[in-house]
Amino acid sequence: MSESRSGTSAPTVLRMILGRRLQDMRLAAGASLEDAAKALRVTPLTIRRLEKAEVALKPLYVEKLLETFGADRQEIDEFVDLAEQANEPGWWHSYRDAVPSWFTAYVSLETGAQTLRTYEPQYVTGLLQTHDYARAVLRGGLPNGSDEELTRRVELRMRRQSLLEREDAPTLWVVMEEAVLHRTVGSADVMRKQIERLLDVSELPHVSLDVVSFEAGAHVGACAPFTYFRFAEPELPDVVYSEILSASVYLDQRADVVSHLEAHSRMALLTSSEDSRALLNRMRKEYS
């Protein structure tokens with residue numbers, strides 16, 4: 001999977017799982033892409049896009065394919081039911097007026113992930129931002145946006161944070177640069193409250209927060225921000241999301257994922273939880 005902002009609507013996690021299962025069933029049946037395409041009277045590219053979760057899983061397509069692959073009636077019915085669920089819009093669909101379509105992939109992956117690891121060189125990661133900090137950051141990125149659009153984006157960001165309060169909350173490991181704390185976003189008061197938020201959330205058992213100090217010097221991760229997603233479902237590969245000013249990309253090739261994981265781990269070794277909290281406390285005092 002490699003998708004840029006100019007791509008089509010992003011898949012949900014469930015659609016990705018079903019696409020992988022569909023591919024496995026085709027291979028187990030000894031059927032090629034061309035064989036599956038003939039069954040549906042479509043092109044092999046359409047089958048590949050179904051398996052890659054790049055398009056919706058049409059129930060009639062799914063049923064015909066599973067019949068072709070020799071699945072029994074119960075298996076077909078259960079798969080079709082799941083396909084219909086996968087085609088239902090996620091809770092974030094109600095924010096489509098304020099959020100670009102390419103970002104729905106990120107929210108879907110974030111919502112379904114078991115483990116999240118992020119690197120942030122410029123700003124506090126969205127899942128840990130306070131309301132006022134988020135508003136200031138988003139306003140900076142939307143200088144010409146309307147107040148209504150800004151409000152909707154802040155609402156979405158705040159709602160995303162509820163996943164950290166779930167009973168099955170994912171493990172979140174954040175590595176950020178000290179520069180994030182020196183960049184005054186909003187005001188000194190906004191920054192102080194944001195740092196207090198970081199101190200509070202770092203005490204949660206499923207959240208780790210490492211701040212790489214200036215003294216660490218040049219290091220492997222001094223690059224664009226990225227987020228790594230790992231899922232409980234064995235059908236899903238690990239995925240890395242990264243972005244620059246004009247583009248974003250989702251990567252699931254093992255070499256790409258491993259290089260980002262190694263960078264994250266190396267950066268974390270440059271500091272410790274105790275040093276990070278001490279730095280946060282010092283910066284909180286500076287904003288008081």
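The values are calculated or read from the model by the stated rules, or taken from the named source; none is laboratory data. These numbers come from a predicted model, not from an experiment. With ideal geometry, Cβ positions are generated from the backbone for all residues, glycine too; neighbour counts draw on all protein chains shown. In case anyone asks, the SASA skips ligands and DNA or RNA and just uses the protein heavy atoms, side chains included. Shrake-Rupley method; radii C 1.70, N 1.55, O 1.52, S 1.80 Å.
Descriptive notes on the structure:
- Relative contact order (%) - segment 132-287, alpha-carbon pairs under 8 angstrom, separation at least six: 25
- Within the straight-line cut-off of under 17 Å between alpha carbons, the aspartates and glutamates reachable from K64 are D24, E34, D35, E51, D72, E75, D77, E78, D81, E84, sequence neighbours fewer than 8 places apart in one chain being disregarded.
- The string of couplings for segment 72-83 from the Karplus curve (6.51, -1.76, 1.60, θ = phi - 60°) is 7, 4, 5, 5, 5, 4, 5, 5, 4, 4, 5, 4 Hz, one whole number per residue in order, with x for Gly and Pro.
- With coordinates expressed along the principal axes, the C-alpha atoms belonging to segment 119-168 extend over 39, 26, 14 Å, beginning with the largest.
- Helix 103-112 vs. the chain, principal-axis angle (Cα, 0 to 90°, nearest 10): 90
- Computed P(r) (all Cα pairs; the chain; 5 Å bins; percent): 1, 5, 11, 14, 16, 15, 12, 9, 6, 5, 3, 2, 1, 0
- Take each peptide in 229-240, 106-117, count the other Cβ atoms within 10 Å of every residue, and average; sorted highest first, the result is 106-117, 229-240.
- Relative contact order %, the chain, counting alpha carbon pairs below 8 Å whose residues are six or more apart: 22
- Inter-probe distance in nm under a simple model that places probes 7 Å from Cα toward Cβ, at E233 and E78: 1.5
- Applying Stokes-Einstein at 4 °C and 1.567 mPa s to the Kirkwood radius of segment 139-217, computed over alpha-carbon pairs, gives a translational diffusion coefficient of 88 µm² s⁻¹.
- Angle between the chain longest axis and helix 254-268 axis [Cα atoms, degrees, rounded to 10]: 20
- Ratio Rg/Rh, restricted to segment 85-182 and using Cα atoms, in which Rh is the Kirkwood radius: 0.96
- Of all accessible heavy-atom area on the chain, the percent that carbon and sulfur account for (1.4 Å): 49
- In this structure the chain gives 50 Å² per residue of accessible area when probed at 1.4 Å with all protein chains present.
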